[in-house]
Amino acid sequence: MKVAIVCDWLTNVGGAEKVLFKVHQMFPEAPIYTSQYDPKGIDWFRDADVRTGWMQKYPVKLRKVLGPLRQRYFSRLDLSEYDLIVSVTGAEAKAVKSGKWLHEHKKKAINPKGIHISYCHVPTQYYWQMYDDYIKNPGFGILNPLVRFFFRLFVIPLRRADLKAARRVDYFVTISDYAKEQIHKYYGREAVVIHPPVELECFKASDSLELPFSGTYYITTSRQVNWKRIDLAVKACMMTQRHLLVIGEGPEHKKLVKLAKDSGLVKFLPLMDKKKLASYLVGAKGYLFPSLEPFGIAPVEALATGCPVIAFGEGGACDYVKDGKNGVLFKKQTAKSLAEAILRFEKMKFNRERVAKSVKGFGEERFDRDLKRFINEKLK
């Protein structure tokens with residue numbers, strides 16, 4: 001069987017890349033087609049056949065504004081020789097055309113039975129559900145007004161192109177019930193939920209390190225970008241006078257440090273290995289997850305150590321955080337709502353062993369089994 005793997009870009013490490021790596025392990029001989037590849041940003045695919053095209057000449061830093069070019073690039077790729085195309089995408093990679101789609105639309109296809117299965121994290125967020133947030137802060141500093149102007153001008157044709165690309169997919173798989181609802185809402189397509197793989201074995205309860213504070217503390221781990229809303233965790237802990245450990249890096253780091261001031265309540269640590277991170281999670285009272293995300297692997301990792309999670313009550317977190325059982329859900333994405341949730345959380349008691357068991361169904365073996373089964377069913 002000839003298999004091709006497709007992804008939006010390969011420039012850094014994140015949840016999407018973890019899923020892609022698992023798919024690569026399933027089909028190690030399959031080439032990976034992508035728009036841009038930076039082996040310095042992610043070195044997991046050095047043994048893979050990663051194929052790029054004319055978009056590789058553009059600087060990686062321009063990735064945010066290259067959406068229209070990615071649409072064109074992926075839609076023009078001829079992958080009709082493959083029996084199976086698996087795209088791992090949250091943006092434009094789903095625009096590729098399978099042999100089955102080409103044949104049904106009376107276009108030339110080398111293999112008219114080849115299918116395209118898209119593991120779609122969520123509809124392209126900057127066109128659809130997070131459009132308003134993107135307009136508020138496109139992330140280009142002093143160029144934000146210019147980016148806002150052009151994005152408002154072109155968003156309608158970009159949405160049309162994205163919708164057209166979604167119609168080319170033969171079968172959708174997605175990461176949560178929330179993402180499934182978003183795919184149906186914006187694309188009018190059905191999807192099967194197969195939760196992404198989480199390295200549960202790496203996050204078993206272990207001895208905690210020397211505690212970062214003299215008393216109890218909360219923890220959050222994330223890439224520090226504006227839409228992750230780590231600022232809410234910082235504000236809520238300052239409002240409630242609770243200690244917070246923030247682990248991660250990103251463009252919002254300086255703003256977060258300034259927001260924390262010199263209160264002594266918030267400490268920042270850089271990214272670290274999984275064993276060390278697990279130790280800090282074991283020592284924490286709870287994990288704060290204020291972001292609206294289609295899934296969120298980091299809070300599942302926290303739960304695997306027995307650390308309860310306080311999460312915003314929308315998005316993928318609802319698939320694994322059960323209020324009062326392994327954490328708390330808060331209703332409004334505000335610092336006040338999170339602060340109130342922290343106080344409510346502290347009135348509850350959580351059995352850490354039960355908390356860890358609550359996510360035993362989110363492991364890597366389960367992902368491999370379920371995705372292989374789905375693929376085999378569609379190839380019959």
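Results, tabulated for the structure shown:
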| read-out | value |
| --- | --- |
| D170, D78, D162 arranged by Cβ crowding within 10 Å, fewest neighbours leading | D78, D170, D162 |
| Centroid-to-centroid separation of region 278-328 and region 330-370 [C-alpha atoms, Å] | 4 |
| Net length gained if the chain between K106 and R72 were fully extended (0.36 nm per residue, minus Cα distance) | 10.2 nm |
| Separation of the R160 and V13 label points, Cα + 7 Å toward Cβ, nm | 4.2 |
| Amide N of region 82-111 lying under 16 Å from the label point, which is placed 7 angstrom from the Cα of Y58 along Cα→Cβ | 90-96 |
| In region 1-95, the GluC sites (Glu not before Pro) that fall in loop regions by DSSP, at most 10 other Cβ within 10 Å | E29 |
| Gained length - K336 relative to L379, 0.36 nm times residue gap less alpha-carbon distance | 10.5 nm |
| Modelled FRET efficiency - R0 25 Å, M26 with C318, Cβ distances, 0.05 increments | 0.35 |
| 222 nm mean residue ellipticity, helices alone, for the chain (DSSP H n ≥ 4; -39,500 (n - 2.57); rounded to 500) | -11000 deg cm²/dmol |
| Of all DSSP beta bridges in the chain, antiparallel share, percent nearest 5 | 0 |
| Selection of GluC sites (Glu not before Pro), region 250-326, meeting DSSP coil and at most 16 other Cβ within 10 Å | E314 |
| Cβ-derived FRET efficiency at R0 35 Å, K258 paired with D49, nearest 0.05 | 0.20 |
| Cα-Cα over 23 Å, subset of K228/K274; K275/K325; K325/K347; K113/K164; K94/K255 | K275/K325; K94/K255 |
| Order of W54, W9, W44 - criterion: other Cβ atoms within 10 Å of each residue's Cβ, fewest first | W54, W44, W9 |
| Set K136/K258; K40/K380; K185/K372; K108/K378; K18/K106 screened for pairs whose C-alpha atoms are more than 29 Å apart | K40/K380; K18/K106 |
| Beta bridge orientation in region 188-340: antiparallel %, DSSP, nearest 5 | 0 |
| At q = 0.10, 0.24 Å⁻¹, base-10 log of I(q)/I(0) for region 1-91 (Debye sum, equal scatterers on each alpha carbon) | -0.23, -1.39 |
| Within region 302-323: backbone nitrogen closer than 12 Å to the T216 label point (7 Å, Cα to C-beta) | 308 |
| Whole-Å distance, taken between Cα centres, linking region 147-194 and region 64-119 | 15 |
| Shape of region 200-361, Cα gyration tensor, a/c cut at 1.5 | rounded |
| Label-point gap, in nm, between L143 and K347 - each point 7 angstrom along Cα→Cβ | 5.0 |
| Estimated inter-spin distance, K40 and E201, nm [label 7 Å along Cα→Cβ] | 3.4 |
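Each reported figure results from applying straightforward, stated rules to the coordinates on display, with no laboratory input. Remember, it's a predicted structure, so these values are computed and weren't measured experimentally. When we count neighbours, we look across all protein chains shown, and the Cβ atoms used for this are built from the backbone with ideal geometry, even at glycine.
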